[in-house]
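The values are calculated or read from the model by the stated rules, or taken from the named source; none is laboratory data. No experiment lies behind these values; they were computed from the predicted model shown. Cβ atoms come from the backbone with ideal geometry, glycine included; neighbour counts cover every protein chain shown. Heads up: the accessible areas ignore ligands, DNA and RNA and are worked out on the full protein's heavy atoms, side chains in. Shrake-Rupley method; radii C 1.70, N 1.55, O 1.52, S 1.80 Å.
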Amino acid sequence: MQVAAREPDGPTLELEKKAGFPAKRIAGVDEAGRGPLAGPVVAAAVLLDPGAIPDGLNDSKKLSAAKREKLFDEICASSHYAIALGAVEEIDRLNIHHATLQTMKRAVEALPFLPDHVLVDGKFTPALACPAEAVIGGDGRSLSIAAASILAKVARDRLMLDLDAAHPGYGWARNMGYGTAAHKSALEALGPTIHHRRSFAPIRKILSPDS
């Protein structure tokens, strides 16, 4: 089932309560890194504790880096959660859409117990052993999805900082692997690394300029 987007004041527990929260275990799921030219896609699944929900949860894109880092620690300390990676090889083999769904599936399956219901940001849900609901704009509507968006974003940003240290020159500490002008200029000068997504058009063009 897919829920249409609306413009709320911010994420709430409305969707969780409709699914039976807190009597039932409701997980929020989101991803980070669908669009970059380099690095993995990261998904997180979060089961909030109804008695210890951190203040200030919101769509990770609407938060400062410092606020995301603070909330990351608070979510990890107060919730059941899991974070999964979809490697570049998997993205190139399956395509980014299917790799993202597989990564979301792994995150849910890595939780300490199977949720009764899963709220997934976006238009699609992975194949799960429990009911799942796609929520367009979910990271701005559901506190559980907002929490997952923060974990996924921070985990991926930290990974890209490590990759930037190992592969300087592409500006990953600033662009997080997205196809900025500086990143594309570095690709032209330095060529792709093993962490670049070869199935993405800008990388494919460099590797096979005449194709």
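Out of all the residues in segment 121-168, which are of a type in the set (S, T, N, Q), in contact (Cβ under 8 Å) with a residue 60 or more places away in the chain and within 18 Å of Ile96 (Cα to Cα)?
Scanning segment 121-168 gives a single hit, Ser149.
For Glu7, state whether it is open to solvent by 10 Å² or more (accessible area, probe 1.4 Å), of a type in the set (D, E, K, R) and at pLDDT below 95.
Judged against the criteria, Glu7 is a match.
Quick one: count up the residues across segment 153-171 that are outside any helix (DSSP H, G or I), out of contact with any Leu (no Cβ under 8 Å at 6 or more places or on another chain) and surrounded by 22 or more Cβ atoms within 10 Å (Cβ to Cβ).
Residues that pass the stated criteria total 0.
Search segment 102-120 for residues that are under 24 Å from Arg34 (Cα atoms) and pair each with any residue that is hydroxyl-bearing (Ser, Thr, Tyr) when their beta-carbon atoms are under 7 Å apart and the residues are at least 6 apart or on different chains.
Leu119/Ser142; Leu119/Ser144
Filter segment 80-94 for residues that are open to solvent by 20 Å² or more (accessible area, probe 1.4 Å) and under 16 Å from Ile26 (Cα atoms) and give the result.
His80, Tyr81 - these are the residues of segment 80-94 that are open to solvent by 20 Å² or more (accessible area, probe 1.4 Å) and under 16 Å from Ile26 (Cα atoms).
When you go through Leu47, Leu13 one by one, which is the residue that is buried (at least 20 other Cβ atoms within 10 Å of the Cβ), more than 13 Å from the chain's Cα centre (by Cα) and under 12 Å from Leu143 (Cβ atoms)?
Unique residue meeting the criteria: Leu47.
Inspect segment 162-180 for any residue being under 21 Å from Ala82 (Cα atoms), of a type in the set (Asp, Glu) and modelled with pLDDT of 95 or more and give the result as yes or no.
Filtering segment 162-180 for residues under 21 Å from Ala82 (Cα atoms) gives 162.
After this cut, where a residue has to be of a type in the set (Asp, Glu) as well, the list is 162.
From the residues that got through so far, the ones that are modelled with pLDDT of 95 or more too are 162.
The answer is yes; a qualifying residue exists.
Tally the residues that are under 22 Å from Arg156 (Cα atoms), assigned to a loop (DSSP other than H, G, I, E, B) and open to solvent by 50 Å² or more (accessible area, probe 1.4 Å), restricting the search to segment 183-211.
Of the residues in segment 183-211, 2 are under 22 Å from Arg156 (Cα atoms), assigned to a loop (DSSP other than H, G, I, E, B) and open to solvent by 50 Å² or more (accessible area, probe 1.4 Å).
Hey, among Arg68, Arg106, which residue is basic (Lys, Arg) and closer than 24 Å to Gly179 by Cβ?
Working: Arg106 fails: closer than 24 Å to Gly179 by Cβ.
Exactly one residue qualifies, and that residue is Arg68.
What number of residues in segment 20-67 are under 25 Å from Gly171 (Cα atoms), assigned to a loop (DSSP other than H, G, I, E, B) and either touching a Cys at 6+ places or on another chain (Cβ under 9 Å) or not small (Gly, Ala, Ser) (or both)?
The total comes to 6.
Please enumerate the residues belonging to segment 128-149 that are of a type in the set (Val, Ile, Thr) and open to solvent by 30 Å² or more (accessible area, probe 1.4 Å).
Scanning segment 128-149 gives a single hit, Ile136.
So Leu119 ticks every box in (1) in contact with a Pro (Cβ under 8 Å, 6 or more places away or on another chain); (2) closer than 14 Å to Ile145 by Cα; (3) not small (Gly, Ala, Ser) but one. Which box is left unticked?
Result: Leu119 fails condition (1) only.
Conditions (1) more than 19 Å from the chain's Cα centre (by Cα); (2) touching a residue at least 12 places away in the same chain (Cβ under 8 Å); (3) more than 13 Å from Gly138 (Cβ to Cβ), marked per residue:
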site	(1), (2), (3)
Val29	no, yes, no
Gly33	no, yes, yes
Gly51	yes, no, yes
Asp55	yes, no, yes
Lys62	no, yes, yes
Ser78	yes, yes, yes
Ala84	no, yes, yes
